[in-house]
1. Please give the number of the condition Leu16 fails out of (1) surrounded by 14 or more Cβ atoms within 10 Å (Cβ to Cβ); (2) within 23 Å of Arg180 (Cα to Cα); (3) modelled with pLDDT of 85 or more.
2. Just to be sure I understand the filter: pairs with C-beta atoms under 7 Å, separated by 6 or more residues or on different chains, first member in segment 71-92 and without any contact (Cβ under 8 Å) to a residue 12 or more places away in the chain and assigned to a helix (DSSP H, G or I), second member surrounded by fewer than 19 Cβ atoms within 10 Å (Cβ to Cβ) and among the hydroxyl-bearing types (Ser, Thr, Tyr). Which pairs pass?
3. If I filter segment 177-184 for residues that are more than 17 Å from Phe20 (Cβ to Cβ), in contact (Cβ under 8 Å) with a residue 12 or more places away in the chain, hydrophobic (A, V, I, L, M, F, W, C) and in a helix (DSSP H, G or I), do I get at least one hit?
4. Can you pull out every residue in segment 33-42 that is in contact with a helix residue (DSSP H, G or I) (Cβ under 8 Å, 6 or more places away or on another chain) and within 15 Å of Lys67 (Cα to Cα)?
5. Quick check on Ala198: is it farther than 21 Å from Arg19 by Cβ, exposed (fewer than 14 other Cβ atoms within 10 Å of the Cβ) and modelled with pLDDT of 90 or more?
6. Residues that are at pLDDT 90 or above and of a type outside the set (A, V, I, L, M): does segment 84-102 have at least one?
7. Can you tell me how many residues within segment 46-70 are over 21 Å from Gly144 (Cα atoms), of a type in the set (D, E, K, R) and in contact (Cβ under 8 Å) with a residue 12 or more places away in the chain?
8. Test of understanding: among Ala167, Ala140, which residue is surrounded by fewer than 20 Cβ atoms within 10 Å (Cβ to Cβ) and modelled with pLDDT under 85?
Amino acid sequence: MFLELNTFLDFDNKALPRRFVVISSDDTVEHTFVLNHMLMLYLKTGRRVFQLNFVHDDAFFASVCQKLGINLKAYAAKNAFRSFSCLKLLKELVKGSFSDSSHPFAFLTAPASERSGDRLSILQSQILDELRRFVGDEAAQLGGEVLVLVDDVSSLLNFGLGCREIAGLLHSLRLEPLVRERGTIVAGTKSCAREDDADCHRLCTYLSHLADATIDVRGLSTGHSRDITGQVRRGL
């Protein structure tokens, strides 16, 4: 963990002071070090983490944690940690879509006139089911606060999904009663200039307006060196 990051971000070892935090980063640096920090902070202080991965696989976070003496498999065995891979789920959904469509991502990219309901309904349903099983596990009722950690929701833009649909997915997590009572949601996203990617800019701006706190990770306009690669800014 980064020992001074808690002080800078106004976080402590007892509880996050905010209930919905958005972490954004540009194309020159990654925000994953903040995600790793929060993951390890929660586990080391006896709390629980539900991790939702759209970009990275389990091995990525497990490798970083292992280097700092945290075995994610051991925490998972104690029901203190659970990882849900949206990549694996999307792979299975793609396989199924070949049976009734020539387009593998038809379940996400079909126009409104050719589909019924929310394009993320299948994904959302499975995520919420897994989250409820984890948070509401009778054996862990005394587990206290739960962190719902999302690595990068902006990746869903690559499937042709809109900002409203992606924000709706996060909103469904926030409205989940078990999360409202005991959880904090930390969601990562890419941040782009309007002229570079209007949809990405719109999504990041919208989520930042909804958030109780924001953490912006940016590269330096002067480039980077071996010791300094970027800057972190906190917003309330």
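1. (3)
2. Matching pairs, first to second residue: none at all.
3. Let us first name the residues in segment 177-184 that are more than 17 Å from Phe20 (Cβ to Cβ), namely none.
The answer is no; no qualifying residue exists.
4. Asn36, His37, Leu39, Met40, Leu41, listed by residue number.
5. On the way: farther than 21 Å from Arg19 by Cβ: yes; exposed (fewer than 14 other Cβ atoms within 10 Å of the Cβ): yes; modelled with pLDDT of 90 or more: yes.
In short, yes.
6. Let us first name the residues in segment 84-102 that are at pLDDT 90 or above, namely 84.
Retained after the next criterion (residues that are of a type outside the set (A, V, I, L, M)): 84.
Within segment 84-102, one or more residues are at pLDDT 90 or above and of a type outside the set (A, V, I, L, M).
7. Filtering segment 46-70 down to residues over 21 Å from Gly144 (Cα atoms) leaves 53-69.
If we keep only those that are of a type in the set (D, E, K, R) as well, we get 57-58, 67.
Subset that is in contact (Cβ under 8 Å) with a residue 12 or more places away in the chain: 57-58.
So the count comes out to 2.
8. Values: Ala167 fails: modelled with pLDDT under 85.
Testing whether each residue is surrounded by fewer than 20 Cβ atoms within 10 Å (Cβ to Cβ) and modelled with pLDDT under 85 leaves just Ala140.
The values are calculated or read from the model by the stated rules, or taken from the named source; none is laboratory data. Only a predicted model underlies this, so the values are computations on that prediction, with no experimental measurement involved. Glycine also receives a Cβ, built like all others from the backbone with ideal geometry; neighbour counts cover every protein chain displayed.
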